[in-house]
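What follows is one structure encoded as structure tokens, with my remarks underneath.
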Amino acid sequence: MKQVRLKKGVIYGIYSLIGISLIGTIYLIENATKPSLNTDDYKYVSLTIFDDDIPVVADSNIKKIIRPYNNEDVKIVKNYYDYQSDENSQQNSIMIYQNTYMQSSGVCYGKTDVFNVMSILDGKVIDIKEDELLGKTVQIQHENNIISIYQSLSDVSVKKDQDIKAGEIIGTSGTSNLNKDIGNHLYFELIINGSIVNPEQYYDKLVSEL
């Protein structure tokens, strides 16, 4: 019987085919044992952490004048007297005491119930007194030559020379002899660079812009 001898090239080819078959079989077995991925279980996003970058720390140097109260039910019951305002506003800014008419140099904020009175900015309490006409009064000195005056208070919770933060409670609303007909209220005045101004025109303004 004649023996058939294979050439070396043919033998190498057969070994290569066997190797490829083994690799393919192993691949199929491994993939068959892995759990299938359900694309519905995944959410794909295209944004990065740098998209729409939002600062999480507020700049402590940015200071705005806030209102001297935080109760939404508090309303203006007497306006600041403005020579350029309309007649109705001017009429609502006149105060009467012992048959004497006076122009309001501040704003009366009123509410039926007593409400908390807060500092409009960081500052230092420079005066606390009880005035015959305006009742208990607190003055606070702020930066940029700003002074806020809180009058007609029923209670005062700060002391003279005390450092205070914006929004900190300094007392509660009350009454005064000057505005008895108004009832419970806060009479608030604002002085900037030595001039009495209308507080309503300065809320939410940056101190650096004044």
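A few notes on this one:
- N144 falls short on exactly one of the conditions (1) surrounded by fewer than 16 Cβ atoms within 10 Å (Cβ to Cβ); (2) more than 18 Å from P199 (Cβ to Cβ), and that condition is (2).
- Exactly one residue among V114, V138, V158 is more than 22 Å from E72 (Cβ to Cβ) and assigned to a loop (DSSP other than H, G, I, E, B), and that residue is V158.
- For segment 155-172, the set of residues classified as hydroxyl-bearing (S, T, Y) and under 10 Å from N116 (Cα atoms) consists of T172 only.
- Answer residue from segment 160-183, given it is charged (D, E, K, R) and within 22 Å of I66 (Cβ to Cβ) and is surrounded by the most Cβ atoms within 10 Å (Cβ to Cβ) among those: E168
- Some residue of segment 98-106 being touching a strand residue (DSSP E or B) at 6+ places or on another chain (Cβ under 9 Å), of a type in the set (V, I, T) and part of a strand (DSSP E or B): no
- Within segment 96-133, considering residues that are of a type in the set (S, T, Y) and surrounded by fewer than 17 Cβ atoms within 10 Å (Cβ to Cβ), the one nearest to the chain's Cα centre (by Cα): T112
- Residue check for G110: modelled with pLDDT of 75 or more, small (G, A, S) and over 12 Å from F188 (Cβ atoms): no
- Single unsatisfied condition, K129 versus (1) at pLDDT 90 or above; (2) in a loop (DSSP other than H, G, I, E, B): (2)
- Flag for D204 being in a strand (DSSP E or B), among the acidic types (D, E) and closer than 17 Å to P68 by Cβ: no
The values are calculated or read from the model by the stated rules, or taken from the named source; none is laboratory data. These numbers come from a predicted model, not from an experiment. All Cβ positions, even for glycine, are placed from backbone atoms using ideal geometry, and neighbour counts span all protein chains on display.
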